[in-house]
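One structure is given below, encoded as structure tokens.
Just so it is clear, none of the values below were taken in a lab; they were calculated from the coordinates. Values in this document were obtained by computation on a predicted structure and should not be read as measured data. Because the Cβ atoms are built from the backbone with ideal geometry, glycine has one as well, and the counts that use them run over all protein chains shown.
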């Protein structure tokens, strides 16, 4: 099927990327330890130039990158995306010193990044953050907890969002300037004011962490901050305006979460097409049963609709359209819900074999659940869309 209006160069690049992923990334993913950061995989993403490309590409190309990786290896896609999510605030709002220190290391696959926003009492409601940054001389001390942080506790640095309080800049002067935001972020709500973003290296005294066991074994953990020292040099952007940095980052990555979901859904559909064309039942291939054919048609239609929403949201981001938050939310919402539906339908059409450990659909069935929650649950996306519609 033709997809959107991708030019031949992009179409060929996606095909090459899928082949490269199968040949060089998937074997490394299979060698990784479940629930741990796969540094060999991250390093290979760096050697292939994919990590650097993530920061220099358009939003549309980021979506194509994540979709292509997801079709062949969800572990490679996730490793790449987490590097992007944890590092993009540095690209967006970091000082020259911060960028010089960390960006080359991340792009080469030598440093692992993490985006530390969620807390036990502030998951989808990011404005309810409780991690406290108490003034301490010319800096602050971070005290509190972060939870469900991807790449924790093994990351080399964390983009941490903490509550400094409105205007609570111990230096008394404006913090360093931020890079121009490529797309609009929503105005902070009252609870979001006074949140500051910090770049916190993992070796800071008082910072500890522990892994969490998840449904799908990814490197996810909790972080404890026991009076962790940070200085003005660790601030990303402006003191008290970290919420904008977080939301601008999410505006970029939410459509590409949808691309990740589309890639998984496409992999499930491809497996289903092959299975239903070759599996016989009731005297013929499954594809000849109307109930099966109609289900497959529905799966394909929803995937195509999700893909178009994702690409449209990415193009809106790239052109600086004013409705980026709504489009990003729509893309993330519809694509992740569609992927859940498609993978579930694919499992049903495959039967018991798809439930056996090691089957590609068994893997996808566990992988597909989390994207409906992280970076804003489905319910939060609907709230964002409604607020944008009502102005």
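Worth a mention:
- Approximating the spin labels as points 7 Å out from Cα along Cα→Cβ, the residue 369-to-residue 57 distance works out to 2.9 nm.
- When the Gaussian network model of the chain links Cα atoms closer than 10 Å, the mean-square fluctuations of 250, 207, 286 top out at 286.
- Cβ-Cβ distance of residue 101 and residue 43, R₀ of 30 Å, FRET efficiency by 1/(1 + (r/R0)^6): the value works out to about 0.95.
- Take every pair of alpha-carbon atoms less than 8 Å apart whose residues are at least six positions apart; their mean separation over the length of the range 84-131 yields a relative contact order of 31 percent.
- Footprinting exposure proxy for 14, 73 (fewest neighbouring C-beta atoms within 10 Å first): 14, 73
- Likely footprinting exposure, 280, 21, 87, fewest C-beta neighbours within 10 Å first: 280, 21, 87
- You can think of it this way: the chain between residue 7 and residue 145 has 45.1 nm of extra reach, that is 0.36 nm per residue less the Cα-Cα gap.
- Over the chain, relative contact order from alpha-carbon pairs under 8 Å, at least 6 apart, %: 17
- Residue of 205, 135, 219 that the Gaussian network model of the chain assigns the largest fluctuation, springs spanning Cα pairs under 10 Å: 205
- The range 245-390: relative contact order in percent, alpha carbon pairs under 8 Å with at least 6 residues between: 32
- Exposure proxy ranking for 387, 332, 146, 287, based on other Cβ atoms within 10 angstrom of each Cβ and starting from the fewest, stands as 387, 287, 146, 332.
- Residue with peak Gaussian network fluctuation, the chain [Cα springs, cutoff 10 Å], from 289, 223, 252: 289
- Two-site label geometry, residue 231 and residue 353: point separation in nm, points 7 Å out along Cα→Cβ: 6.2
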